[in-house]
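Okay, structure first, notes after.
What follows is calculated from the coordinates using simple rules that are stated; it is not laboratory data. All values derive from a computational prediction rather than experimental measurement. As a convention, Cβ positions derive from the backbone with ideal geometry for all residues, glycine included, and neighbour counts pool all protein chains shown.
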Amino acid sequence: MTTYSFPAPDQPDLPIAGSGDRFPVRRIFCVGRNYEAHAAEMGNTVDRAAPFYFTKSAHAILHSGQNMTYPQGTSDLHHEIELVVAIGPSVGLTDAPAGEVEIFGYAVGLDMTRRDLQGAAKDGRKPWDTGKDFEQSAIIGAITPAADTLLDAAQIRLDVNGEKRQSAPLSDMVHTVAEIIANLSTLYHLRSGDLIMTGTPAGVGAVQVGDVLTGSIDGLEAVKTTIVA
Ligand code: MN
């Protein structure tokens, strides 16, 4: 048996709707500029040829219902509401071909962003890590098994203090879930436990201490957090 010099870190996980089991999280891939109106509000255009990605540590996860502590190093913390795809062995499917990527389910997530640090990184042609990958920056709700989910006509929405800030049909996504998985699979070997945050619609903006964020996608469990000092 391996003996560690200090206790090993906890395995990050997410609840699964309708189940007592937990979903163990492996990696978090995030898609940039996947809604045309959001790309435009940031002064960018979308690349229809292929998605691009950044990543977050699995240890950046905060569970829905927990408070987010306003992070250090920023004075411009932004919300980005996103559809999250969870990769895993298909629910009820025991004969999936080896190596085939299966969607385990879907969740609603917040890609919290230190926009000032991301902006400085863009200006300096530097990586986005400090703007995107920090503690509690991936706030994700319960995963709904794919077999229960009808996503085609679903709306994604974020309210801050009960007021609508972001809203769009998922059909506005430039690259579909299937296209993202196909493209990501040319770059990584996707495995059970991987998550994909699929980009945010227009309406991103700053949040302050005391704000209550509630994100939803039709058919999925909501994500909720309060920003605290
Ligand atoms: Mn995002």
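For this structure, a couple of remarks:
- Each residue of segment 132-147 was assigned a 3J(HN,Hα) from its phi angle through the Karplus expression (A = 6.51, B = -1.76, C = 1.60, θ = phi - 60°), giving 10, 10, 8, 4, 6, 7, 10, 9, 9, x, 5, 7, 8, x, 4, 5 Hz with x at Gly and Pro.
- On the basis of the beta-carbon distance and an R0 of 25 Å, GLU179 and LYS122 show a calculated FRET efficiency of 0.50.
- Surface/4 of the Cα convex hull for the chain, nm²: 14.3
- Estimated FRET transfer efficiency (ALA206, THR186; beta-carbon r; R0 35 Å; 0.05): 0.45
- Taking every DSSP bridge with both residues inside the chain, close to 85 percent are antiparallel.
- From its DSSP helices (H runs of at least four residues, each -39,500 (n - 2.57)), the chain gives a residue-normalised ellipticity at 222 nm of -3000 deg cm²/dmol.
- Segment 1-136 shape via C-alpha gyration tensor axes, a/c threshold 1.5: oblate
- Length gained on full extension, SER171 to ASP76, computed as 0.36 nm times the residue gap minus the Cα-Cα distance: 31.3 nm.
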